[in-house]
Amino acid sequence: MKAVFTGLCLAAAFTLPAAAADKVCNGQVAIVRVSTLKAAGTRAGFDQAVADQIAWYRGHGLTDNRIVAADVIDLSSGKPAISATEIVTFHYDPPAATGRQPEPDDGYKAFVKEFRDNSDIATEKTVCLPK
């Protein structure tokens, strides 16, 4: 039962946050996530998950959205350096914001697993970017 609940929570993390956000935004909706790499995770594995997520959307006929992964600049040591553990993603025009999110299928579950194998979501916000 715990595994089923965990799976539903993971699926919800990728489908529910932006529901109907386009109705209140007079600009461009984006989901911004700060993710933390797991000890056994890799940036290459995370980037593959991003590529597979985009491919999943394209395979379902959705072409308006895009996802950009950005390095975090760590300033904690006093000298700027690229964080070895944090990544920020911007999901522009996410289909969930307009109610066009396809139903999860095996391909969906596969890219979610890739993300989960490599990272944890530390923070997630749905934002309205200015036009």
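The values are calculated or read from the model by the stated rules, or taken from the named source; none is laboratory data. No experiment lies behind these values; they were computed from the predicted model shown. Here Cβ is always computed from backbone atoms with ideal geometry, including for glycine, and neighbour counts include all displayed protein chains. Calculation scope for accessible area: heavy atoms of the full protein, side chains included, ligands and nucleic acids excluded. Shrake-Rupley method; radii C 1.70, N 1.55, O 1.52, S 1.80 Å.
Surface composition of the chain: carbon and sulfur atoms hold 60% of the protein heavy-atom accessible area at a 1.4 Å probe. With a Förster radius of 30 Å applied to the C-beta separation of Arg100 and Lys38, the computed FRET efficiency comes to 0.45.
The GNM of the chain, with springs linking C-alpha atoms under 10 angstrom apart, assigns the highest mean-square fluctuation among Arg66, Arg33, Arg100 to Arg100.
Within the chain, the selection of entire DSSP H helices by a Cα span of 27 Å or greater along the long axis and an average Kyte-Doolittle value of at least 1.6 returns an empty list.
Stretch Val68-Gln28 to full length: gain in nm at 0.36 nm per residue minus the Cα-Cα span?
12.9 nm
Name the most mobile residue of Ala49, Ala81, Ala20, meaning the one with the largest mean-square fluctuation, in a Gaussian network model of the chain with Cα contacts below 10 Å. Per the Cα network of the chain with a 10 Å cutoff, Ala81 tops the list. Close lysine pairs were tallied over the chain: pairs 8 or more places apart or on different chains with Cα atoms under 25 Å apart number 11. When the helices of the chain are scored as -39500 (n - 2.57) per DSSP H run of n ≥ 4 and the total is divided over every residue, the value at 222 nm lands at -11000 deg cm²/dmol. Of the residues Tyr57, Ala21, Ala44, the one whose Cα sits farthest towards the positive end of the charge dipole of the chain is Ala21 (charges of +1 on Lys and Arg Cβ, -1 on Asp and Glu Cβ, taken about the Cα centre). Comparing mean-square fluctuations of Gly61, Gly107, Gly78 from a GNM of the chain with C-alpha springs under 10 Å, the top value falls on Gly78.
Protein heavy-atom accessible surface, 1.4 Å probe, per residue over the chain: 58 Å².
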